[in-house]
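Read through the structure below, which is laid out as structure tokens, and then see the notes.
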Amino acid sequence: MAIRGFMTLPRHIVEGEKLHPGATGELSNILLQLGLAAKLISLEVNKAGLADILGFTGSENVHGEQVKKLDMFAHDTLIKAMDHGGHFCVMASEEEEDIIHLPAHHQTGKYVLLFDPLDGSSNIDANISIGTIFSIYKRITPGTGPGSLEDCLQPGYKQEVAGYIVYGSSTIFVYTASHGVHGFTLDPAFGEFILSHENIRIPKSGRIYSINEGNYFSWPNGLKHYIKYIQSNYFEGKPYQARYVGSMVADLHRTLLYGGIYMYPGDRRNSKGKIRLVYECNPMAFIIENAGGRATDGNERILDKKPESLHERCPIFIGSEGDVLLVEKFMRGEKIDKN
Ligand code: AHG
Ligand code: MN
Ligand code: MN
């Protein structure tokens, strides 16, 4: 990896802040703490098999899924890393049913933190990439005391910062504060995130589709037609390639870099699909849009949706603009010219 003038994550954050004369430094501090939490989770993920941390805790999360120990480790680590800086008034995690209040002895601040501590956790035991997703808003309730559920249920376009960490063949921290999407690779030798992907722009169209095709027979007809269309036509000499990791973070990291589309539609069994609006769809949509891509529920922009509850699910079509526009046409039943 070329070390670009030793542009570490902390240095990038501090230099980015200088571009905003009115900035208080709070968001920089938050990102620095998130970087620390990411390193701790990355270490634990990497030694998963060694530390007897694999396996189930025996409890279920609010979605009725079995929770693995690493999920809870990541959840606890994020809370511990973020609850004492005085920046947040409330937090919420995919692994906890209700909003998380900050301990009374810590100061509260004007920001709200929402996170999926470990995404793709069904992949842990198979040593397949997993990730962490985070999203930061400003509080909307008045005052300086504890925040409320209302602060956590804002439409995604109001995000101040969103990011993810993918624990893959290397650990990469990707974030945007609306001034470009930047990626930093963790150098395990000196334990620092180094700028490796500056100002990422997603290709305008791609040739990779990513969807759980096992659900094919439950999909809406428009989507079935779209998949058959990209499989049976040639695009620059080839049909589309299928890639599906089953960790949204990993599938979307690839989509961001190579282009194409990731989909988790509503289907006959689950009309809203599986992906959570607050913890997964909104931060990923914010990142992809900031990189020049598009994210909708097949009809409406994800970032315009007003969440009704913390754990609600939402169909998602996200990735290169051209690909998302095309699947939307199919979903609306529009006639498509054969190429
Ligand atoms: P999580 O591990 O946080 O519950 O999220 C898993 C999500 C997402 O990461 C992934 O794309 C999707 O579930 C996979 O679902 P299927 O197994 O239904 O394809
Ligand atoms: Mn998830
Ligand atoms: Mn999760």
| message | Exposed loop sites here are chymotrypsin sites (Phe, Trp or Tyr not before Pro) in DSSP loop states with at most 11 other C-beta atoms within 10 Å. What is the longest stretch of the chain lacking them? | response | 7-189
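Determine the order of ASP337, ASP125 by accessible area, beginning with the largest, at a probe radius of 1.4 Å.
Ranked from most to least accessible, the order is ASP337, ASP125.
From Cα pairs below 8 angstrom and at least 6 apart in sequence, can you work out the relative contact order of segment 125-251, rounded to a whole percent? Could the numbers behind the result be given before it?
On the way: 169 pairs, mean separation 27.9, N = 127.
With pairs under 8 Å counted, the relative contact order is 22 percent.
Note down the relative contact order for the chain as a percent, whole number, built from C-alpha pairs under 8 angstrom at least six residues apart. Don't jump to the answer; show the numbers that get you there.
Numbers: 714 pairs, mean separation 52.4, N = 339.
It rounds to 15 percent for the chain.
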| message | Please list, by residue number, every one of the trypsin sites (Lys or Arg not before Pro) in segment 190-290 that is coil in DSSP and has at most 15 other beta-carbon atoms within 10 Å. | response | ARG201, LYS204, ARG268, ARG269
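Counting only heavy atoms of protein chains, what accessible area per residue, in Å², does segment 208-331 have with a probe of 1.4 Å? Please list the in-between numbers first.
On the way: 4690 Å² over 124 residues.
Solvent-accessible surface per residue comes out at 38 Å².
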| task | Rounded to whole Hz and in sequence order, give me ³J(HN,Hα) for segment 312-317 from the Karplus expression 6.51 cos²θ - 1.76 cosθ + 1.60, θ = phi - 60°, writing x for Gly and Pro. | result | 5, 9, 8, x, 9, 10
| task | Please report the Cα spread of segment 9-197 along all three principal axes, rounded to whole Å, starting with the longest. | result | 46, 36, 30
| query | In whole percent, how big is the carbon plus sulfur part of the accessible area of the chain, probe 1.4 Å, protein atoms only? | reply | 51
| task | Show that you can apply the helix-only estimate: for the chain, add -39,500 (n - 2.57) for every DSSP H stretch of four or more residues, divide by all residues, and state [θ] at 222 nm to the nearest 500. | result | -8500 deg cm²/dmol
| task | Would you grab the residues whose amide H sits under 5 Å from the one on GLY293? Only those 5+ places off in sequence or on another chain, please, with H modelled 1.01 Å from N. | result | ILE202
| Eligible lysines near LYS335 by straight Cα distance, threshold 17 Å, same-chain separation 8 or greater | LYS224, LYS228
| query | Roughly how much of SER271 is accessible, in Å² to the nearest 10, using a 1.4 Å probe? | reply | 90
| note | Given backbone amide H placed at 1.01 Å from N, residues whose amide H is under 5 Å from that of ASP187, ignoring those fewer than 5 places away on the same chain, are GLU192, PHE193, ILE194
| request: Would you give the gap between the C-alpha center of segment 130-202 and the C-alpha center of segment 254-295, rounded to a whole Å? | output: 16
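The values are calculated or read from the model by the stated rules, or taken from the named source; none is laboratory data. What you are looking at is a predicted structure, and each value in this text was computed from that prediction instead of being measured. For neighbour counting, all protein chains shown are included, and Cβ atoms are generated from backbone atoms with ideal geometry for every residue, glycine included. Side chains are part of the model used for accessible areas, which takes the heavy atoms of the whole protein and leaves out ligands, DNA and RNA. Shrake-Rupley method; radii C 1.70, N 1.55, O 1.52, S 1.80 Å.
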